[in-house]
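Asker: Starting off with a structure, shown below.
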Amino acid sequence: MIVVLSLNTALDRILVVPRFSVGEVFRAERSEVFAGGKGINVARVLRQLDVPVRVVGFLGGLPEPFIRDRLARAGIDQRWVTVDGESRTCVIVVDPISEEQTVLNEPGPHVSPAELDRVRSTLADSTGPGDILCVSGSAPPGVPDELYGDIIRDMQERGVRTLIDASGGALRAGLLAAPWAAAPNVEECASAIGSGEPMELARRLSEHAEHALLTMGAEGLLYAHRGTVRTFRAPRVKTVNAVGSGDALVAGFLAGIEQGMEPADALRLGMACGAVNAGRLEPGIDPAAVRRITQGEGEPGEERFPARPDEMRASW
Ligand SMILES: Nc1ncnc2c1ncn2[C@@H]1O[C@H](COP(=O)(O)OP(=O)(O)OP(=O)(O)O)[C@@H](O)[C@H]1O
Ligand SMILES: [Mg+2]
């Protein structure tokens, strides 16, 4: 079973605003509301790929009934810890002219130490040997950076592999616990382990995670594993809204691994999901479009770079 941790669950409002800029008044051409947050984006794509998924996390306030309903309809198994505060609302402004997206994220509710304990025990009750846990995104206020590291160690003791996709101190703490996989983008990775060229960052990431995925948006990603860094080029799509493509990539990769694929094939599936997500306004994928990419049309190219052992040993 794939289990997703969603600490900073969100209600995402997507507004389509042509020629958006700051400091002016605009009327949105279109407005859509979705259940959101990194973890939920991952869970949504897993269900779209027909893979069972369970979500554990914090939920509270006005967005709660909406999110419960949307996830139930998507067939996602939900194990929420209800919090006193209000789950956040995030606004994503999509400009169809510039093809740029502007994201305004609320910080999320302050969670108490008791609520934190409850989420850790719910996670323990919701995972078992052989499962994969996906830990994605920022944590709400009140959650110490060390939590992701602690969770990764808890999971290792339970025979659960963990993939982490986070940034800054939370990613750094997670990497120190040696997760099974890590999938930050370049900026997130640099915020945790210090700046460097992408190739160097991927090598350093792989000192901590068996599967190190360093994502680079429309350029694709670097995959570092067992002393080799490989470049995977992304399929070309017309970008509509690339927010959540990292989450779609993670979902496709995990779906492939869960189905017994080799990591490189799982990555190709993930990258097809990332590309299809980028080509749509709403978060998520169309499985038929993903299949068209994985079965040949615009399949991502791949180049190999042997990692140099001396550089592999460089650390922060
Ligand atoms: N415009 C795009 N065209 C094609 N593929 C894309 C595009 N954007 C992203 N992807 C694919 O999705 C993967 C992840 O994207 P990206 O690096 O933007 O993640 P991210 O910054 O974590 O995004 P988010 O956090 O919003 O989910 C990329 O490695 C690439 O394979
Ligand atoms: Mg991301």
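The values are calculated or read from the model by the stated rules, or taken from the named source; none is laboratory data. This is a predicted model, so every value here is computed, not measured. Positions of Cβ are generated from backbone atoms using ideal geometry, with glycine treated the same way; all protein chains shown enter the neighbour counts. To get the accessible areas, we keep the full protein, side chains included, count just its heavy atoms, and leave off ligands, DNA and RNA. Shrake-Rupley method; radii C 1.70, N 1.55, O 1.52, S 1.80 Å.
Asker: What are the extents of the Cα atoms of region 165-219 along their three principal axes, listed from largest to smallest and rounded to whole Å?
Answerer: Taking the Cα atoms of region 165-219, the three principal extents are 29, 20, 17 Å.
Asker: In addition: Charges only on Cβ, +1 for Lys and Arg, -1 for Asp and Glu: so what's the dipole of region 1-92 about the Cα centre, in debye to the nearest 20?
Answerer: On the way: 13 positive and 10 negative charges, 39 e Å.
Its charge dipole is roughly 180 debye.
Asker: Let me ask you something else. Write down the radius of gyration of region 1-103 and its Dmax, each obtained from C-alpha positions, in Å.
Answerer: 15.2, 47
Asker: If you don't mind, there's one more thing I want to ask. Calculate, for SER31 and ARG158, the FRET efficiency according to 1/(1 + (r/R0)^6) with r their C-beta to C-beta distance and R0 45 Å; round to the nearest 0.05.
Answerer: Calculated transfer efficiency: 0.60.
Asker: Would you mind giving the average projected area, over all directions, of the Cα convex hull of region 210-263 in nm² with one decimal? Walk me through the numbers on the way to the answer.
Answerer: Numbers: hull surface 16.2 nm².
Mean shadow area of the hull around the Cα atoms is 4.1 nm².
Asker: Roughly how many debye, to the nearest 20, is the charge dipole of the chain about its Cα centre, given +1 on each Lys and Arg Cβ, -1 on each Asp and Glu Cβ, and no other charges? Intermediate values should be presented prior to the final figure.
Answerer: Details: 33 positive and 43 negative charges, 99 e Å.
Using only the charged Cβ atoms, the result is roughly 480 debye.
Asker: Follow-up. Solvent-accessible area of MET216, probe 1.4 Å, all protein chains present, reported in Å² to the nearest ten, please.
Answerer: Solvent-accessible area, nearest 10 Å²: 40 Å².
Asker: Determine the share of region 1-119's accessible area contributed by carbon and sulfur atoms, expressed in whole percent, with a 1.4 angstrom probe.
Answerer: 51
Asker: Please grab the % of Cα pairs in region 194-239 that end up more than 17 Å from each other.
Answerer: It works out to 31 percent of all Cα pairs.
Asker: Sticking with this one: Tell me, what is the percent relative contact order of the chain, built from C-alpha pairs under 8 Å that lie six or more residues apart?
Answerer: Computed value for the chain: 15 percent relative contact order.
Asker: In 10 Å bins starting at zero, report the fraction of Cα pairs in region 163-310 per bin as a rounded %.
Answerer: Distribution as computed: 13, 44, 34, 9, 0 percent.
Asker: For region 215-273 and region 54-111, write down the distance between their C-alpha centroids in whole Å.
Answerer: 24
Asker: Can you pull the percent of Cα pairs in region 66-136 with separation above 18 Å?
Answerer: Here the tail beyond 18 Å accounts for 62 percent of pairs.
Asker: Once the other residues with Cβ under 14 Å from the Cβ of ARG73 are scored (Lys, Arg +1; Asp, Glu -1), what is the net sum?
Answerer: Around ARG73, the surrounding residues sum to +2.
Asker: Which listed residue (GLN101, VAL17, SER138) has the Cα farthest towards the positive end of the charge dipole for region 1-157, taking +1 on Lys and Arg C-beta and -1 on Asp and Glu C-beta about the Cα centre?
Answerer: VAL17
Asker: Hey, can you list the DSSP H helices of the chain whose Cα span along the axis is 20 Å or longer and whose average Kyte-Doolittle score is at least -0.5?
Answerer: Result, helices passing both filters: 263-278.
Asker: Return the carbon/sulfur percentage of the accessible area of region 121-175, one whole number, probe 1.4 Å, all protein chains in place.
Answerer: Roughly 44 percent of what the probe reaches on region 121-175 is carbon or sulfur.
Asker: Could you tell me the relative contact order of region 98-170? Use alpha-carbon pairs under 8 Å, at least six residues apart, and round to a whole percent. Working shown, then result.
Answerer: Values: 73 pairs, mean separation 27.4, N = 73.
Result for region 98-170 is 37 percent.
Asker: What percentages, rounded to whole numbers, describe P(r) for region 108-173 computed over all alpha carbon pairs with 5 Å bin width beginning at zero?
Answerer: Per 5 Å bin, starting at zero, the Cα-Cα P(r) for region 108-173 comes out as 4, 17, 28, 26, 18, 6, 1 percent.
Asker: Something else about it: Roll a 1.4 angstrom probe over the protein heavy atoms and tell me the percent of accessible area of region 194-305 that is carbon or sulfur.
Answerer: With neighbouring chains kept in place, the figure for region 194-305 is 47 percent.
Asker: While we're looking at this one, here's another question. For region 171-272, what relative contact order do you get, as a whole percent, if you take Cα pairs closer than 8 Å and at least 6 residues apart?
Answerer: Numbers: 160 pairs, mean separation 19.8, N = 102.
Relative CO of region 171-272 lands at 19 percent.
Asker: How large are Rg and Dmax for region 31-166 when calculated on the C-alpha trace, in angstrom?
Answerer: In order Rg, Dmax, the Cα atoms of region 31-166 give 15.5, 50 Å.
Asker: Ignoring everything except DSSP H segments at least 4 long, calculate the 222 nm mean residue ellipticity for the chain; use -39,500 (n - 2.57) per segment, divide by total residues, nearest 500.
Answerer: Value at 222 nm, helices only: -10500 deg cm²/dmol.
Asker: Please work out the ratio of the alpha-carbon Rg of the chain to 2.2 N^0.38 Å and round it to two decimals.
Answerer: 0.95
Asker: Also, quick follow-up: Residue farthest toward the positive end of the dipole of the chain, with Cβ of Lys/Arg at +1 and Asp/Glu at -1: which of GLY244, GLY169, LEU116?
Answerer: Value computed over the given set: GLY244.
Asker: Please give me, ordered by residue number, the chymotrypsin sites (Phe, Trp or Tyr not before Pro) of region 1-104 that lie in loop per DSSP and have at most 13 other Cβ atoms within 10 Å.
Answerer: Values: sites: PHE20, PHE26, PHE34, PHE58, PHE66, TRP80; in loops: PHE20, PHE26.
Here the sparse-neighbourhood loop sites are PHE26.
Asker: Same structure again: In square angstrom, what is the accessible area per residue of the chain with a 1.4 angstrom probe?
Answerer: Dividing the accessible area of the chain by its residue count gives 43 Å².
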